[in-house]
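Report on the following structure.
The values are calculated or read from the model by the stated rules, or taken from the named source; none is laboratory data. In this text, all values refer to a predicted model and were calculated from it rather than measured experimentally. When we count neighbours, we look across all protein chains shown, and the Cβ atoms used for this are built from the backbone with ideal geometry, even at glycine. Side chains included, ligands, DNA and RNA excluded: accessible areas come from the protein's heavy atoms. Shrake-Rupley method; radii C 1.70, N 1.55, O 1.52, S 1.80 Å.
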Amino acid sequence: ETITVQELAKRMGERGADLVKSMFKLGTPVTITETIDRDTAELLIEEFGHRFVPVSEADIDIDTSIDVDADETLQPRPPVVTIMGHVDHGKTSLLDAIRGADVVSGEAGGITQHIGAYQVTLKDGSKVTFLDTPGHEAFTEMRARGANVTDIVVLVVAADDGLKPQTIEAINHTKAAGVPMIVAINKIDKPGANPQKVREELLQHEIIVEAMGGDVQDVEVSALKKTNLDGLLEAINLQAEILELKANPERAAEATVVEAKLDKGRGPLATVLVQRGTLNVGDIIVVGAASGKVRAMIDDHGRQVKQAGPSFPVEVLGLGAVPSAGDQLTVVENEARAREVAAYRQSVLDKKRTTSAPVSLENMFANRASTTKEFPMVVKADVQGSVEAIVNAVNKISTDEIRVRVLHSGVGAITESDVTLAASTGAPIIGFNVRPNAKARETAERNKVELRYYDVIYHLTDWVKSAMAGELGPEI
Ligand code: GDP
C-alpha cells in the first residue's frame, strides 16, 4: 500500500512541492518521486484538510471531487496583511491608526478586543484583515511551521531614519516568502523627514518603488497625524485586486491559528484565520494535536459571531488544549474522528521528537526537489568586512545549474530571527567567528536548522562547493 508523493498530490489537487514541504516538517523528508505508506498518506491528506476514502482495505484512494474547489465556487476574499519594519518606525502606531479608520467600529459600539488580528471595513465596503502582532518574528515563526497566511506585507520605514537592520531583515523575510510588499514611508510630518532618501536606500536592496519607476507601491503616511491612511489602504486594495484572492466559503472550514493562550475563566483560546470554507459554532475541530468543539466565537469587536468565513479573524472557544501559532484547524465529521486525528498527529509529533535527524543536505535538497536549484543560506560574521568577503566568495561558486542564494547576511551573533528565516526555507546558517545566542540555539534545535561555524573562509567555501557538487550528482 504505497503511493508516490506526486500521485498523491495530483489526486489531492495540491502542489507536489507543498506535500514535500509538509513531509519535511513532519521530520520525514521525501522527494516528489518517492513512495510513502498508507499511514503517511492519510496523515498528509488530513494535514491538507482533505478526506481519506479507502476504496477497499487493500487500496488507497482519495476522494478529490469534494475537495478541489471548483472555479465557480470561488469568491473574492479580503487580503491578510502583516506590518513589518524596524523598531520605533511606527508599526504599532500605524496598526492603531488604521484600526481607527474602520467605518464599522463607530457604529457597532463594540469594545476593541486584541485577539491577534482585526478586520477593517473601508468606505467602499471592501475589507482588509491585519495581523496585529507586528514584527517579523511572528511572520517567520508561522512560515517555519508551514503556515502562509500573509498575502501582503506593509514595510514601514520612518522617513527621518531610513533603512535600519530590522528593515533589511524584514525585506529579506518578505522576499524569501515571495509575498508582495508595499512600502509605507512613515513620519512624514517630522521636520527631518526625507522620503526620497528612503526610496534611494531601498534601491540598494532591489526594491524599486513606483516613484522610482519600479512596481512596488510606496505611500507616504503619518501614523501620528493620520495622514494619507486612505492612500495606504487603497494601495493594499489595489495589490489585493492584482492577487485575485479567492476562496470557497461554502465548505467545511480550514483555518490557521495566529495566536493562542490559556484564559483562566474561558480555557484555551485560539485566534484563527479561516483560509477556506466557513467555521460554525458547533463544528467539531482538530487544531494541531488538540481537538474540541467550537463553543463560541468572538470577533475583534468583542461580539459573539455564529460563523466565520475566509480571512475573517475570530477567537475560538472550546478547545481541549492550547495550540501554537501556525497550527492548522480542520473540521471533521464527529468527535471520534477528531480524537483519532488528534491522537495520530500527536504520535507523529512524538515520533518526530525521538527519531528526526537535524536538517542534512540531503533533506534540504529534497525539500526543494521540484523548484529551481538554489542553495539558500544565511550568513552571519563578526565584522562587516568578513560578511562582504563571504557573500562575494559564495556567490562566485554559483554555476548555471545551481545558484547560491544568501537570504540574509549581517554582523553579529546568530539570532532567533536568523533561525526562523533559515527554517522557513531549509537553509543552513553559517557563522563566521560568531555563535548563536541561547534562544537562537534552542530555536535551531527545535526547527532542525543546521548551524555551521567557520573561522577560515576557504574552509567555508570548500564546504559549499562540495555540498553543491553533491546536489548536482546523480539525477534526483
Ligand atoms: P514600532 O516599534 O514600530 O511599533 O513603533 P511605534 O508605533 O511604537 O512608534 C514609535 C514612536 O514613534 C512612538 O513614540 C510614536 O508616537 C512615534 N511615531 C509613530 N508614527 C509617527 C508619525 O507618523 N509621526 C511622528 N512624528 N511620530 C510617530
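With runs of 4+ DSSP H residues as the only contributors, calculate the mean residue ellipticity of the chain at 222 nm using -39,500 (n - 2.57) per run, divided by the residue total and rounded to the nearest 500.
-10500 deg cm²/dmol
Counting Lys and Arg as +1 and Asp and Glu as -1, each charge on the Cβ, what is the dipole of the chain about the Cα centre in debye, to the nearest 20?
1160 debye
How about region 227-312: which GluC sites (Glu not before Pro) there are in a DSSP loop, with at most 14 other Cβ atoms within 10 Å of their Cβ?
Within region 227-312, the qualifying GluC sites (Glu not before Pro) (loop, at most 14 other Cβ atoms within 10 Å) are E244, E250.
Residues with beta-carbon under 9 Å from that of V209, excluding V209: net charge, scoring Lys, Arg +1 and Asp, Glu -1?
Around V209, the surrounding residues sum to -2.
Calculate what fraction, in whole %, of the accessible area of the chain sits on carbon and sulfur atoms when a 1.4 Å probe is rolled over the protein chains.
Percent of accessible area from carbon and sulfur atoms in the chain: 50.
Using the basic label-point model (7 angstrom from Cα toward the beta carbon), what is the D88 to K293 distance in nanometres?
So the two model labels end up 5.3 nm from each other.
For the charge dipole of the chain, defined by +1 on Lys and Arg C-beta atoms and -1 on Asp and Glu C-beta atoms about the Cα centroid, which residue among T167, A308, I397 has the Cα displaced farthest towards the positive pole?
Going by the Cα projections, it comes out as T167.
For the pair Y453 and E34, how long in nm is the line joining their label points, each one 7 Å along Cα→Cβ?
Placing both labels 7 Å along Cα→Cβ, they lie 3.0 nm apart.
Please give the charge dipole size of region 206-285, origin at the Cα centre, charges +1 on K and R Cβ atoms and -1 on D and E Cβ atoms. Round to the nearest 20 debye.
Computed charge dipole of region 206-285: roughly 660 debye.
Taking H as built 1.01 Å from N, whose amide H comes closer than 5 Å to the amide H of G318, not counting residues under 5 places away?
Amide H to amide H, under 5 Å and 5 or more residues apart or across chains, G318 pairs with R295.
Provide the gained length on full extension for the span N437 to A336, in nm with one decimal, where the gain is 0.36 nm per separating residue minus the Cα-Cα distance.
In short, 32.0 nm is gained.
Please compute the per residue accessible area over the chain with all protein chains in place, 1.4 Å probe, rounded to a whole number of Å².
Ligands and nucleic acids excluded, the figure is 44 Å² per residue.
What ³J(HN,Hα) values, in whole Hz, does the Karplus curve 6.51 cos²θ - 1.76 cosθ + 1.60 give for region 266-274 when θ = phi - 60°, with x put for Gly and Pro?
9, x, x, 10, 9, 8, 10, 10, 6
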